[in-house]
Every structure is written in structure tokens, then in C-alpha cells.
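Below is one structure, written out as C-alpha cells; the observations come after it.
We did not get these values from a lab; they are worked out from the coordinates using the rules stated. Note that the coordinates shown come from a computational prediction; the quantities given were computed from them, not determined experimentally. All Cβ positions, glycine included, derive from the backbone under ideal geometry; neighbour counts span all protein chains shown.
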Amino acid sequence: MNRPELQRLIRDIRQGKIDIVLVYKIDRLTRNQKDFYFLIELFEKYNTTFISTTQNFDTSSAAGRLMRNIMLDFTQFEREITAERTRDKMLARARKGLWNGGLVPLGYDYSPEEKKLKINPKEAEVVRLAFETYLKEKSLAKVAKKLNSLGYRTKVHKTK
């Protein structure tokens, strides 16, 4: 629901600017049952027709609404299975010591050949100093102030 264009659609429906919402498949609108039912109620309240071009069902009948709900259940199931597979894959990679991506933390460099993080000795010194300072000062603000006063800055990330 936190998609700017979806929020704009909802606003336009409430303002009576939209008669029909046309999607390729239900999951292009949302993959979350709660969000979908909210949207369907909104469509009905504002007399907005909902059409899925590849999933042909008539929501004016009980059987059509049942088919819509079954399709939505499968859509949410697919979303959850994909999320589980992704988590499992990332966990397996991490167990092998492989990097799953994201910003490379200070103290490390990414080795594309090995798909792993390697210790950057120069940056590792800064990390050790940060930890030692925190143990002494018990304040992240004091750590940042000390490191900045010594000329250290956050890691610069190269974008492709």
C-alpha cells in the first residue's frame, strides 16, 4: 500500500475521477489479501469497476467473487513462497561465507571473484579504534566526534 501511484489511485477514486481499474493480473495491484479486500471495498463504495484482463471472473456473482478470492489466495501463497526461498538462499550463502550484497561495511572490501568480503587492513584499524573508543566512552556520538576529529569519514561506495 506504500506505493505513491497506488496512493494516487486511491485518492482519485475517492474524488470520483476513476470509473474502472484495469490490471493485467490481480497481483499487479497487490499480493496482500488484507490490502486487496480494502481496495475491493473502496472500489465498491465509489462504484469503481475492477477488471483483471488475464483472470476472467465476474465479481457480480457469488461464484465470481469466490474465484477472485481463490486467485488472491494463490497470489499471496506465491508471494510467501518466494520470500521463503529468498531467505533460505541468502541463509545458505551466508553459511558458505558468501556475501549477500548491500553496502560493504567499513573494514571490508568485496571480492567479486570469490563472492566474499575480505578484510581491508587499513579500514580495520579504524573499526578497532571505533570499538575501543566506544568501550571507553560508552557513547556513539563521542566515537563519531573522535573519529571525525582524526579525519576519518564514512566509507565511499562506488556505484555502477
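Tabulated data for the structure shown
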quantity	calculated
Residue count for the stretch 98-115, restricted to those that are small (G, A, S) and either surrounded by 11 or more Cβ atoms within 10 Å (Cβ to Cβ) or farther than 25 Å from T154 by Cβ (or both)	2
Count - residues of the stretch 28-85 that are within 22 Å of I13 (Cβ to Cβ), touching a residue at least 40 places away in the same chain (Cβ under 8 Å) and of a type in the set (K, R)	2
Condition met for Y152 (among the hydroxyl-bearing types (S, T, Y), free of Cβ contacts under 8 Å to residues at least 12 places away in the same chain and surrounded by 13 or more Cβ atoms within 10 Å (Cβ to Cβ))	no
All positions within the stretch 29-51 that are surrounded by 13 or more Cβ atoms within 10 Å (Cβ to Cβ) and basic (K, R)	R31
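Conditions tested, residue by residue: (1) closer than 30 Å to F36 by Cα; (2) part of a helix (DSSP H, G or I).
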residue: E78; (1), (2): yes, yes
residue: R87; (1), (2): yes, yes
residue: G102; (1), (2): no, no
residue: P105; (1), (2): no, no
residue: K118; (1), (2): no, no
residue: E125; (1), (2): no, yes
residue: V156; (1), (2): no, no
